1. State which residue is surrounded by the fewest Cβ atoms within 10 Å (Cβ to Cβ) when the search covers only segment 14-64 and only residues that are touching a residue at least 24 places away in the same chain (Cβ under 8 Å) and part of a loop (DSSP other than H, G, I, E, B).
2. What is the number of the single condition among (1) under 15 Å from the mean Cα position of the chain (by Cα); (2) modelled with pLDDT of 85 or more that residue 20 does not meet?
């Protein structure tokens with residue numbers, strides 16, 4: 001029950017944030033991100049949940065892909 005409440009709270013917060021963006025009350029700044037780091041974080045979280053369920057996974061970023069996004 002606690003997880004569902006936390007997810008619902010996060011969803012509501014995200015909706016309020018999007019509404020503020022649409023109203024122009026939030027300024028967004030452009031910045032470069034290191035996509036490999038973002039993907040590694042996502043994969044770590046997926047791996048934790050997969051391991052709990054006995055599911056394996058594999059992740060690799062090919063060298064031909066851009067590592068920065070702007």
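The values are calculated or read from the model by the stated rules, or taken from the named source; none is laboratory data. All values derive from a computational prediction rather than experimental measurement. Positions of Cβ are generated from backbone atoms using ideal geometry, with glycine treated the same way; all protein chains shown enter the neighbour counts.
1. So the first thing to find is which residues in segment 14-64 are touching a residue at least 24 places away in the same chain (Cβ under 8 Å), and the list is 30-36, 61.
In the following step, the residues that additionally are part of a loop (DSSP other than H, G, I, E, B) were identified as 30-32, 61.
Working: 30: 5, 31: 7, 32: 8, 61: 12.
If we take residues in segment 14-64 being touching a residue at least 24 places away in the same chain (Cβ under 8 Å) and part of a loop (DSSP other than H, G, I, E, B), then 30 is surrounded by the fewest Cβ atoms within 10 Å (Cβ to Cβ).
2. Checking residue 20 against (1) under 15 Å from the mean Cα position of the chain (by Cα); (2) modelled with pLDDT of 85 or more, the one that fails is (1).
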